[in-house]
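Peer 1: Okay, here's the structure, questions in a sec.
The values are calculated or read from the model by the stated rules, or taken from the named source; none is laboratory data. Just so it is clear, the structure is predicted and the values come from calculations on it, not from any experiment. As a convention, Cβ positions derive from the backbone with ideal geometry for all residues, glycine included, and neighbour counts pool all protein chains shown.
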Amino acid sequence: MKFNEEQLTEFNRLVARYPEGKQKSALLPVLHLAQDSFGGWLSAEAMDYVAELLQLNPIEVYEVATFYSMYNLKPVGKYMFEVCQTGPCMLNGSDDIIAYIGEKLGIKPGETTSDGLFTLKTVECLGACGYAPMMQMGKTYREHLTKAKVDAIIEDCRKNATIHN
Amino acid sequence: MSKKLLLEKAHVEGIRYYDVYRREGGYRSVEKALKTMGPEAIVEEVKKSGLRGRGGAGFPAGMKWSFIAKPEGVPRHLVCNADESEPGTFKDRYLMEFIPHLLIEGLIVSSFALGSNDTYIYIRGEYAWIVDILEQAIEEAKQNGFLGKNILGIGFDCNIHVQRGAGAYICGEETALIESLEGKRGNPRIKPPFPAVQGLWMRPTVVNNVETLAAVVPIINMGGEEYAKIGVGRSTGTKLISACGNINKPGVYEIDMTISVEEFIYSDEYCGGIPNGKKLKACIPGGSSVPILPANLLLKTAKGKTRYMNYESLSDGGFATGTMMGSGGFIVLDEDQCVVRHTLSLARFYRHESCGQCSPCREGTGWMEKILKNIEYGHGKLSDIDLLWDIQRKIEGNTICPLGDAAAWPVAAAIRHFRDEFEWHVLHPEEAQKRNYGLAHYADPIHVPVTA
Ligand SMILES: Cc1cc2nc3c(=O)[nH]c(=O)nc-3n(C[C@H](O)[C@H](O)[C@H](O)COP(=O)(O)O)c2cc1C
Ligand code: SF4
Ligand code: FES
């Protein structure tokens, strides 16, 4: 488990933003990079590698990785649906959307489908309250969700997955 | 039409890019500030403008800037708080997405005023695509000589770096944000020392909200005194409001702070009223931590006066009958919404986001969620309502950071104004599973005692 050339370039760019000796500051962005580079989650091996690169004790990395909700400490599906369930989204029907996705995929929040394609997760406010109900999918937001929109998104993911396999 | 200072150009085609932004008058404030004003003069203008922090607390920005310590030979830092995680709030995102150069411009002037050669934007991790937008804007500004070494030939160097968070509301609190920026868990620090003395890497640091720093641009362009003429009283300038919940036109609006709450909700220029002809039941006007008000107290103060969208009017009546401007996250509930359920959802949010350092917050938020869950799902007791009240009282003011208060206030206000809805849930557990309490009397005119 190592960064490739391109990932190392990005690593160096991240560390260079901070003063000499303050490379620990790059920990959050570097963990994002590691998660994106090593299959969408942070294994102990990945965290140890990050510790080594930043010259930190592994525990300094573990305690950060466990604090923030965006780091996955278990494998996740190829597509992760992170649906917001906080008040403002709830006022616009997020509960129904969560139930619908769960039903459609046959999983409960926190679970991954057996084919490893989808993970459903409920999350708290993502700063899209005016465009509710909504979910985060990787680097993007899907907003104004309806059942039809959810159907189309799932369909799209399935199609992409077969193309890329 | 109210005056727009921040978003006026947000919809000009291509404004996200430097050339268009510059053509529309962008970066004038950098030229003016760096070439014709010194750092002290900039701080003076911001003081004169009366600009109050737009992140939630409303602390005067110029005053905060004047507190920054200047020990010899120690670098200072400006940090832009783009963590934006308070439920109901999505205004900073809008500004950064549509008109990113406005923030960069404000950051350059502010960095110059504070003597920050390395300025950081700490942005919530979920706004991943906005990081790209900001980094592109920074690159363009650098290409055009507004960032980097020796800006405009006056010998000032400045770089702006964008740092992503990773999902933690608490990192919006300024000392937690600093810890996170240092690569640690987002545990708030005990103050003092304040960031202005020992902040990022123990260096003097100013943390300001995105909107606050963007507002520096019109302040420098028009002068602090002119800026202060917009608005009313100590609510100067314009404010971004992100409106959501049960309204016809959710979105981000720039208001000058002289319009009434009623106009904001019902006029077509803003929220456009409540969908499906329903009635207004309640509203949380400043992000999830500020007190919820029933319709009648929202539109009029307890003294029967019209309530306006500004700092003073929204807080008129204190916590007994008023609320707060907060971050401008305006959440509207229509007559079919359940206040108990909504409060439960917010309680769950705060339990989830507590960093766990102080026991009143860590234990209290979990306990409140559990009791609210019981009430909502028909297993509550009447004594639970008093217990909730008691718990929130014991959290408030007894914690390291204000997240404790932020968790306590929504519960307190819900009980204060909607106690009969809570009681109805407890006394009619089965019915409460099937229907909501409804509008009840929450929109009835308030009785104003006649004073002699
Ligand atoms: C729990 C908590 C969360 C906060 N979240 C934010 C936030 O997301 N954005 C923000 O600008 N300020 C937030 N604040 C306020 C900051 O601590 C700080 O007051 C603010 O960034 C100062 O900037 P301003 O004076 O320009 O408003 C939060 C405060 C607390 C206690
Ligand atoms: S009040 Fe809550 S969030 Fe703030 S420091 Fe204490 S435990 Fe952490
Ligand atoms: S409540 Fe869902 S995005 Fe804010």
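Peer 1: So if I check each of B:LYS191, B:LYS184, B:LYS149, which one is free of Cβ contacts under 8 Å to residues at least 24 places away in the same chain and in contact with a strand residue (DSSP E or B) (Cβ under 7 Å, 6 or more places away or on another chain)?
Peer 2: B:LYS149
Peer 1: Out of A:GLU60, A:GLU52, report the one residue that is away from chain B (no Cβ under 13 Å), assigned to a helix (DSSP H, G or I) and of a type outside the set (A, V, I, L, M, F, W, C).
Peer 2: None of the other options fit; the residue is A:GLU52.
Peer 1: Out of (1) of a type in the set (A, V, I, L, M, F, W, C); (2) under 30 Å from A:MET47 (Cα atoms); (3) crowded, with 17+ Cβ neighbours inside 10 Å, what's the single condition that is false for A:MET90?
Peer 2: (2)
Peer 1: Still on this model: Test A:THR86 against the criterion of being touching a residue at least 12 places away in the same chain (Cβ under 8 Å), away from ligand 2 (no atom under 16 Å from the Cβ) and hydroxyl-bearing (Ser, Thr, Tyr), and give yes or no.
Peer 2: Values: touching a residue at least 12 places away in the same chain (Cβ under 8 Å): yes; away from ligand 2 (no atom under 16 Å from the Cβ): yes; hydroxyl-bearing (Ser, Thr, Tyr): yes.
Yes: the conditions hold for A:THR86.
Peer 1: Does A:GLY127 satisfy the condition of being in contact with a helix residue (DSSP H, G or I) (Cβ under 9 Å, 6 or more places away or on another chain) and within 16 Å of ligand 1 (Cβ to nearest atom)? Quick ask: steps written out before the conclusion?
Peer 2: Values: in contact with a helix residue (DSSP H, G or I) (Cβ under 9 Å, 6 or more places away or on another chain): yes; within 16 Å of ligand 1 (Cβ to nearest atom): yes.
In short, yes.
Peer 1: Taking interchain pairs and intrachain pairs at least six residues apart, which have beta carbon atoms under 9 angstrom, with the first residue in the stretch B:45-66 and within 16 Å of B:VAL210 (Cβ to Cβ) and the second of a type in the set (Lys, Arg) and within 16 Å of ligand 3 (Cβ to nearest atom)?
Peer 2: Taking only residues 6 or more apart or on different chains, the pairs are B:ARG54/B:LYS91.
Peer 1: Within the stretch A:20-49, restricting attention to residues that are within 13 Å of another protein chain (Cβ to nearest Cβ) and polar (S, T, N, Q), which residue is farthest from B:TYR122 (Cα to Cα)?
Peer 2: A:GLN35
Peer 1: Still on this structure, please answer the following. Which condition does B:GLY287 not pass, out of (1) out of contact with any Pro (no Cβ under 6 Å at 6 or more places or on another chain); (2) within 14 Å of chain A (Cβ to nearest Cβ); (3) farther than 25 Å from B:GLY172 by Cβ, if it passes all the others?
Peer 2: With (1) out of contact with any Pro (no Cβ under 6 Å at 6 or more places or on another chain); (2) within 14 Å of chain A (Cβ to nearest Cβ); (3) farther than 25 Å from B:GLY172 by Cβ applied to B:GLY287, the lone miss is (3).
Peer 1: Additional query: Can B:PRO285 be described as touching a Gly at 6+ places or on another chain (Cβ under 8 Å) and either more than 16 Å from ligand 1 (Cβ to nearest atom) or in the same structural domain as B:GLY58 (by TED's automatic domain parsing) (or both)? Walk me through it before giving the result.
Peer 2: Details: touching a Gly at 6+ places or on another chain (Cβ under 8 Å): yes; either more than 16 Å from ligand 1 (Cβ to nearest atom) or in the same structural domain as B:GLY58 (by TED's automatic domain parsing) (or both): yes.
For B:PRO285, the condition - touching a Gly at 6+ places or on another chain (Cβ under 8 Å) and either more than 16 Å from ligand 1 (Cβ to nearest atom) or in the same structural domain as B:GLY58 (by TED's automatic domain parsing) (or both) - is met.
Peer 1: Looking at B:GLY356 and the list (1) buried (at least 18 other Cβ atoms within 10 Å of the Cβ); (2) within 13 Å of chain A (Cβ to nearest Cβ); (3) free of Cβ contacts under 8 Å to residues at least 40 places away in the same chain; (4) within 16 Å of ligand 1 (Cβ to nearest atom), which single condition is not satisfied?
Peer 2: That leaves (1) as the condition not met.
Peer 1: Something else about it: Could you tell me whether B:SER383 is within 16 Å of ligand 1 (Cβ to nearest atom) and out of contact with any Gly (no Cβ under 7 Å at 6 or more places or on another chain)? So that I can check it myself, show each step before the final result.
Peer 2: Details: within 16 Å of ligand 1 (Cβ to nearest atom): no; out of contact with any Gly (no Cβ under 7 Å at 6 or more places or on another chain): yes.
Criteria not met by B:SER383.
Peer 1: Going through the stretch B:378-415 one residue at a time, which ones are farther than 25 Å from B:GLY88 by Cα, in contact with a Pro (Cβ under 8 Å, 6 or more places away or on another chain) and not in a helix (DSSP H, G or I)? If you could, list the steps in order and put the result at the bottom.
Peer 2: Quick first cut of the stretch B:378-415, residues farther than 25 Å from B:GLY88 by Cα only: B:378-387, B:390, B:394, B:398.
Subsequent filtering for residues that are in contact with a Pro (Cβ under 8 Å, 6 or more places away or on another chain) retains B:378-380, B:394, B:398.
Answer for the stretch B:378-415, where residues must be farther than 25 Å from B:GLY88 by Cα, in contact with a Pro (Cβ under 8 Å, 6 or more places away or on another chain) and not in a helix (DSSP H, G or I): B:GLY378, B:HIS379, B:GLY380, B:ASN398.
Peer 1: Checking the structure you have, find out if any residue of the stretch B:258-266 is within 27 Å of B:VAL79 (Cβ to Cβ), surrounded by 23 or more Cβ atoms within 10 Å (Cβ to Cβ) and more than 16 Å from ligand 2 (Cβ to nearest atom). Walk me through how you get there before you give the answer.
Peer 2: Residues of the stretch B:258-266 within 27 Å of B:VAL79 (Cβ to Cβ): none.
Scanning the stretch B:258-266, I find no residue that is within 27 Å of B:VAL79 (Cβ to Cβ), surrounded by 23 or more Cβ atoms within 10 Å (Cβ to Cβ) and more than 16 Å from ligand 2 (Cβ to nearest atom), so the answer is no.
Peer 1: Can you say whether B:ILE265 is modelled with pLDDT of 95 or more and in contact with a Ser or Thr (Cβ under 8 Å, 6 or more places away or on another chain), as far as the supplied structure shows? Full working, then the answer.
Peer 2: On the way: modelled with pLDDT of 95 or more: yes; in contact with a Ser or Thr (Cβ under 8 Å, 6 or more places away or on another chain): no.
The answer is no for B:ILE265.
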